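K.L.:
This is the structure, below, for whatever I ask next.
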């Protein structure tokens, strides 16, 4: 009766079973993977004092691409942050970036086609592709001799087939925190031209740059070397996942760009999924960007300082984003570590396999956890590792 696009086994795994039992018993859980900023003790005064419209409009004006005032505000965001100058006519608003992926997969693929996704990266991509009857195919990111994650173009080129329709890039990637380099973008453009592929670039974490890093990140928002769809939204820019406002920006060679826009308009007009209230609030909300981002950046700095002080917890370099990758001793597998931390200490960390790391000794933690909790969690990890020898 049910679609084969859905998992056949929806039973909780061992980790979830243990976690549910602890919660049912009233055990307090320390979650070092907390990535919901609204649960991370930030203050959102701007929602009360920023003149944010809050009334449901009495008149509905449907717009496939989104209200002009909201798209104009997004253009100002890009220009104000020196990401590039863009036109509101090239923007399509969506109810979050997950919907944006759905729109693009509808636009670019037929059932059974393939899209290339990075590994390691966020596992949601597999689910979004599968729900559209598209096969996700992984290409590798690898650590170079400087300890930076870069695209393994040999892996990427080997994965391109006659069914490939797009390459997905995350800038910066989650959880590796690695930004695209100019050289990588040039090679991606070339591959897209040769194989007639689209480039989908997820930039939701773009603003969270590591100021200590010498890498100079950039947005691909103005990239014309290939048909390029740039995704972002208020979930990370304003730490408002509940706002459900994302967008797609379309750029590239003129004929491809206009053809994509006409078809995207048809898709967006079919759904009209973005609420008028959030579109009307977007200009005022985007004016408050610094108020929330300054808090998040300060939190990331504080937690990274604590992590550097934990000398027995080696971690990998972060160019951006808000995650840290910890390296376990070779004899301790990530899954075993995560299960034992949960069982012994009621502590949640993510195993590397969750993100498709090739190595089995990586765990991932969030850098936006409140500092006292973060430090307590690090101490518990150190205690566990010492007990393992």
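K.L.:
Could you look through segment 151-201, keep only residues that are in contact (Cβ under 8 Å) with a residue 40 or more places away in the chain and part of a helix (DSSP H, G or I), and pick out the one that is surrounded by the fewest Cβ atoms within 10 Å (Cβ to Cβ)?
P.N.:
Step by step, filter segment 151-201, then rank; the result is 159.
K.L.:
Hey, does segment 65-76 have a residue that's under 30 Å from residue 295 (Cα atoms), crowded, with 18+ Cβ neighbours inside 10 Å and outside the structural domain of residue 271 (by TED's automatic domain parsing)?
P.N.:
no
K.L.:
Moving on to the next point. Just a yes or no: is a residue in segment 38-45 assigned to a helix (DSSP H, G or I) and at pLDDT below 95?
P.N.:
Of the residues in segment 38-45, the ones assigned to a helix (DSSP H, G or I) are 38-39.
If we keep only those that are at pLDDT below 95 as well, we get none.
Within segment 38-45, none of the residues are assigned to a helix (DSSP H, G or I) and at pLDDT below 95.
K.L.:
Now, a different point. Out of 313, 341, report the one residue that is surrounded by 14 or more Cβ atoms within 10 Å (Cβ to Cβ), modelled with pLDDT under 95 and not assigned by TED's automatic domain parsing to the domain that holds residue 175. If you could, list the steps in order and put the result at the bottom.
P.N.:
Details: 341 fails: modelled with pLDDT under 95.
Criteria check complete, one pass: 313.
K.L.:
So, one more: Is segment 61-69 home to any residue that is in a helix (DSSP H, G or I), over 16 Å from residue 284 (Cα atoms) and either modelled with pLDDT under 95 or in contact with a strand residue (DSSP E or B) (Cβ under 8 Å, 6 or more places away or on another chain) (or both)?
P.N.:
First, pick out the residues of segment 61-69 that are in a helix (DSSP H, G or I): 68-69.
Checking which are over 16 Å from residue 284 (Cα atoms) leaves us with none.
Within segment 61-69, none of the residues are in a helix (DSSP H, G or I), over 16 Å from residue 284 (Cα atoms) and either modelled with pLDDT under 95 or in contact with a strand residue (DSSP E or B) (Cβ under 8 Å, 6 or more places away or on another chain) (or both).
K.L.:
Turning to a different aspect of this structure: Working only within segment 288-334, note down all residues that are under 12 Å from residue 364 (Cα atoms), in contact with a helix residue (DSSP H, G or I) (Cβ under 9 Å, 6 or more places away or on another chain) and without any contact (Cβ under 8 Å) to a residue 40 or more places away in the chain.
P.N.:
315, 334
K.L.:
Restricting to helices (runs of 4 or more DSSP H) lying wholly in segment 202-294: which have 1 or more residues that are in contact with a strand residue (DSSP E or B) (Cβ under 6 Å, 6 or more places away or on another chain)?
P.N.:
Working: elements: 234-237, 254-271, 276-286.
In segment 202-294, 254-271 are the helices (runs of 4 or more DSSP H) which contain 1 or more residues that are in contact with a strand residue (DSSP E or B) (Cβ under 6 Å, 6 or more places away or on another chain).
K.L.:
Can you pull out every residue in segment 350-360 that is more than 17 Å from residue 177 (Cα to Cα) and buried (at least 18 other Cβ atoms within 10 Å of the Cβ)?
P.N.:
Within segment 350-360, none qualify.
K.L.:
Name the residue, out of 136, 123, 111, that is assigned by TED's automatic domain parsing to the domain that holds residue 245, farther than 24 Å from residue 70 by Cα, at pLDDT below 95 and surrounded by fewer than 22 Cβ atoms within 10 Å (Cβ to Cβ).
P.N.:
Details: 136 fails: at pLDDT below 95; 111 fails: at pLDDT below 95.
Answer to the check: 123.
K.L.:
A follow-up question, please. Could you say whether any residue in segment 87-100 is more than 21 Å from the chain's Cα centre (by Cα), under 22 Å from residue 289 (Cα atoms) and part of a loop (DSSP other than H, G, I, E, B)?
P.N.:
Taking every residue of segment 87-100 in turn, at least one turns out to be more than 21 Å from the chain's Cα centre (by Cα), under 22 Å from residue 289 (Cα atoms) and part of a loop (DSSP other than H, G, I, E, B).
K.L.:
Since residue 122 meets every condition but one in (1) without any contact (Cβ under 8 Å) to a residue 60 or more places away in the chain; (2) touching a strand residue (DSSP E or B) at 6+ places or on another chain (Cβ under 8 Å); (3) not in a helix (DSSP H, G or I), which condition does it not meet?
P.N.:
(1)
K.L.:
All but one of (1) under 23 Å from residue 150 (Cα atoms); (2) outside any helix (DSSP H, G or I); (3) out of contact with any strand residue (DSSP E or B) (no Cβ under 6 Å at 6 or more places or on another chain) hold for residue 331; state the number of the condition that does not hold.
P.N.:
If we test residue 331 against (1) under 23 Å from residue 150 (Cα atoms); (2) outside any helix (DSSP H, G or I); (3) out of contact with any strand residue (DSSP E or B) (no Cβ under 6 Å at 6 or more places or on another chain), just (1) comes out false.
The values are calculated or read from the model by the stated rules, or taken from the named source; none is laboratory data. Quantities reported herein were computed from a predicted structural model and do not represent experimental measurements. Using ideal geometry, Cβ is built from the backbone for each residue, glycine included, and neighbour counts are taken over all protein chains shown.
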